[in-house]
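The values are calculated or read from the model by the stated rules, or taken from the named source; none is laboratory data. Keep in mind the model is a prediction, meaning the values are calculated, not measured. Here the Cβ is made from the backbone with ideal geometry for all residues, glycine too, and neighbour counts use every protein chain on show.
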Amino acid sequence: MEIIRIPKIMQDTANGLILRGKSIGFVPTMGALHEGHLSLVRRARAENVITVASVFVNPIQFDPSEDFLEYPRDVEGDREKLLQGGVDILFMPDSSSMYPENFLTYIEVEKISDKLCGAFRPDHFRGVATVVAKLFHIIRPVRAYFGQKDFQQTAVIKHMVRDLDMDIDIVVCPTMRERDGLAMSSRNAYLDPLQRVAAAVIYRCLSEASEMVKSGIINTGHIKEVMRERILSQPAVSAIDYAGVYDPDTLDEPSEITGDVLLAVALKIGGTRLIDNVLVNVKKER
Ligand code: AMP
């Protein structure tokens, strides 16, 4: 596995591969890798000649009050996992090469960036869209792989790719979960053992809500109430940012269920913010 740290070298390498007819599949990550990330790597390897993964904790997607400095980092572990996972190139730039002095250009995907997580993390998706666009230009993939766990992120990226005519397939992969259903996340490492047990309430709540939708309940207000009650029954939860039923395209909250729905939750356990979601295909499931 080749390790590249300089954007220009990565770009020259990608150009060379493309000239030789090799398709590049790309998996962007912020490191502290787990089985969720590795599932994206497996999918990329299966569908492309060359697999590039990036590890970059992107400073511009963190609010000043957030955990940028404390965000878990495990460079050696990541390197080993990606090597074992069969990644061809690991791109690991530092902040100053991605954001040189006098960096002035940002990408904003309007409206959908302001909903759900965006309402609580004001410049988050601007930072995500900007770094992903940069990585796409540097790595020049045919396909890029993202996890459904960050559903809103996939919606923002798909929109950016469509609006800016980027010729890249965005592949959304299923959420990998622990045995009790908790979505794997680098931030789970922040949880102490009691908090870790409590965190399973997120998936229990989403599963229960999903059953309600499948049983034919169409009143989203009722489902939201049950979701909030279920979450609040867990005293370790310190705040609910949102929990409810959303339109997967617009991320708006419909009052009644008429098509497919996104059930989504963001909450805090102690100081740790966790998110998860499930999609319910109403036509298929009812
Ligand atoms: P992150 O390192 O958290 O920025 O995540 C990098 C990529 O891995 C994103 O596309 C995430 O959606 C994806 N990812 C994170 N956790 C999971 C998971 N549990 N299952 C599947 N994909 C995941």
- Task: State all residues of the stretch 249-286 that are touching an Asp or Glu at 6+ places or on another chain (Cβ under 8 Å), of a type in the set (A, V, I, L, M) and outside any strand (DSSP E or B); if no residue qualifies, say none.
- Result: V282
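Tally time: how many residues in the stretch 24-80 are in a strand (DSSP E or B), among the β-branched types (V, I, T) and within 17 Å of the chain's Cα centre (by Cα)? Let's see the steps before the verdict.
Within the stretch 24-80, the first condition is being in a strand (DSSP E or B), and the residues that meet it are 24-29, 50-55.
Within this subset, residues satisfying the condition of being among the β-branched types (V, I, T) are 24, 27, 29, 50-52, 55.
In the following step, the residues that additionally are within 17 Å of the chain's Cα centre (by Cα) were identified as 27, 29, 55.
The qualifying residues number 3.
State which residue is nearest to I18 (Cα to Cα) when the search covers only the stretch 173-186 and only residues that are within 8 Å of the ligand (Cβ to nearest atom) and not in a strand (DSSP E or B). First the steps, then the outcome.
Let us first name the residues in the stretch 173-186 that are within 8 Å of the ligand (Cβ to nearest atom), namely 173-177, 183-186.
Add one more test, that the residue is not in a strand (DSSP E or B), and what stays is 174-176, 184-186.
Working: P174: 28, T175: 30, M176: 31, M184: 33, S185: 33, S186: 32 Å.
Ranking the candidates gives P174 first.
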- Query: Quick check: anything in the stretch 84-103 surrounded by 18 or more Cβ atoms within 10 Å (Cβ to Cβ), touching an Asp or Glu at 6+ places or on another chain (Cβ under 9 Å) and without any contact (Cβ under 8 Å) to a residue 60 or more places away in the chain?
  - Reply: no
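Taking R20, is it within 16 Å of the ligand (Cβ to nearest atom), among the basic types (K, R), more than 22 Å from P100 (Cα to Cα) and at pLDDT 95 or above?
Details: within 16 Å of the ligand (Cβ to nearest atom): no; among the basic types (K, R): yes; more than 22 Å from P100 (Cα to Cα): yes; at pLDDT 95 or above: yes.
Criteria not met by R20.
Checking the conditions here, which among F136, F151 is of a type outside the set (V, I, T), within 15 Å of the ligand (Cβ to nearest atom) and farther than 25 Å from M227 by Cβ? So that I can check it myself, show each step before the final result.
Values: F151 fails: farther than 25 Å from M227 by Cβ.
Just a single option satisfies the conditions, and that option is F136.
Residue under question is I170, and the condition is that it be of a type in the set (V, I, T), within 16 Å of the ligand (Cβ to nearest atom) and touching a residue at least 60 places away in the same chain (Cβ under 8 Å); does it hold? Can you show your working first?
Details: of a type in the set (V, I, T): yes; within 16 Å of the ligand (Cβ to nearest atom): yes; touching a residue at least 60 places away in the same chain (Cβ under 8 Å): no.
So I170 fails the test.
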- Query: Pick from G85, G36, G77: which is of a type outside the set (S, T, N, Q), in contact with a His (Cβ under 9 Å, 6 or more places away or on another chain) and under 27 Å from L182 (Cβ atoms)?
  - Reply: G85
- Task: Report, by residue number, each residue of the stretch 189-202 that is within 14 Å of the ligand (Cβ to nearest atom) and buried (at least 19 other Cβ atoms within 10 Å of the Cβ).
- Result: Y190, A199, I202
- Taking the residues in the stretch 240-273 that are crowded, with 18+ Cβ neighbours inside 10 Å and farther than 28 Å from E285 by Cα as candidates, determine which candidate is farthest from the chain's Cα centre (by Cα). I269
- Message: Among the residues in the stretch 225-239, are any crowded, with 19+ Cβ neighbours inside 10 Å and not in a helix (DSSP H, G or I)?
- Response: yes
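I need the full set of residues from the stretch 8-23 which are among the polar types (S, T, N, Q) and either more than 16 Å from R140 (Cα to Cα) or part of a helix (DSSP H, G or I) (or both), in order please. Outline the logic, then answer.
Going through the stretch 8-23, the residues among the polar types (S, T, N, Q) turn out to be 11, 13, 15, 23.
Scanning the stretch 8-23 gives Q11, T13, N15.
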